[in-house]
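Structure record follows, encoded as structure tokens.
The values are calculated or read from the model by the stated rules, or taken from the named source; none is laboratory data. Note that the structure is a prediction, hence the values are computed from the model and not measured. Cβ atoms come from the backbone with ideal geometry, glycine included; neighbour counts cover every protein chain shown.
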């Protein structure tokens, strides 16, 4: 991968987390993501599932801040993301994905509308409200069901998240 491709991928990862486009990743980005998911599925914030989504979003934020907020200002700049989070993404995407596990688990529970597990169409709805282009969201959601059972498990979503986060540095 050349330097331009690496920078493009890092910019895309950063933009995914910077929900409000402020140029920083902060607690509000994670809270906004939680609110968007809950609104999409009509889940009350004060419900058990709603509280799990907010708790997962907070844990995800704390994990992100812990590895990337170098100056301690409670926000992650693009530079901090590149030097902190991106290094972790590159070095160990599975470990990085673990900080997202509580949020991903809670989102899967909200998207599970029939008690049998989240379906690819429900996952596509989640991806769309988190900023993925509609035509890409459906394609990605179908790819999440790696065992072909029509449901998306926590392990499948975690593996996909780690794969998405894995960014090879130029000349790595």
Check your understanding: Restricting to the range 12-49, what's the tally of residues that are in contact (Cβ under 8 Å) with a residue 60 or more places away in the chain and over 20 Å from residue 132 (Cα atoms)?
Key -> 2
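Okay, residues lined up against (1) within 21 Å of residue 13 (Cβ to Cβ); (2) without any contact (Cβ under 8 Å) to a residue 40 or more places away in the chain:
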{"site": "97", "(1), (2)": "yes, no"}
{"site": "110", "(1), (2)": "no, no"}
{"site": "113", "(1), (2)": "no, no"}
{"site": "124", "(1), (2)": "yes, yes"}
{"site": "148", "(1), (2)": "no, yes"}
Check your understanding: Restricting attention to the range 30-41, does a residue exist that is farther than 28 Å from residue 150 by Cβ and crowded, with 19+ Cβ neighbours inside 10 Å?
Key -> yes
Point to revise | The lone exception for residue 79 - which of (1) under 15 Å from residue 13 (Cα atoms); (2) in contact with a helix residue (DSSP H, G or I) (Cβ under 9 Å, 6 or more places away or on another chain) it fails | key: (2)
Review point. Consider residue 129 against the criteria (1) within 13 Å of the chain's Cα centre (by Cα); (2) farther than 17 Å from residue 17 by Cα: it satisfies all of them except one. Which criterion is unmet?
Key: (2)
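Kindly establish whether residue 44 is closer than 27 Å to residue 121 by Cβ, assigned to a loop (DSSP other than H, G, I, E, B) and more than 15 Å from the chain's Cα centre (by Cα). Full working, then the answer.
Working: closer than 27 Å to residue 121 by Cβ: yes; assigned to a loop (DSSP other than H, G, I, E, B): yes; more than 15 Å from the chain's Cα centre (by Cα): yes.
Yes, satisfied.
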Point to revise | Top-ranked residue in the range 1-26 [being in contact with a helix residue (DSSP H, G or I) (Cβ under 7 Å, 6 or more places away or on another chain) and crowded, with 16+ Cβ neighbours inside 10 Å; ranked as modelled with the lowest pLDDT] | key: 10
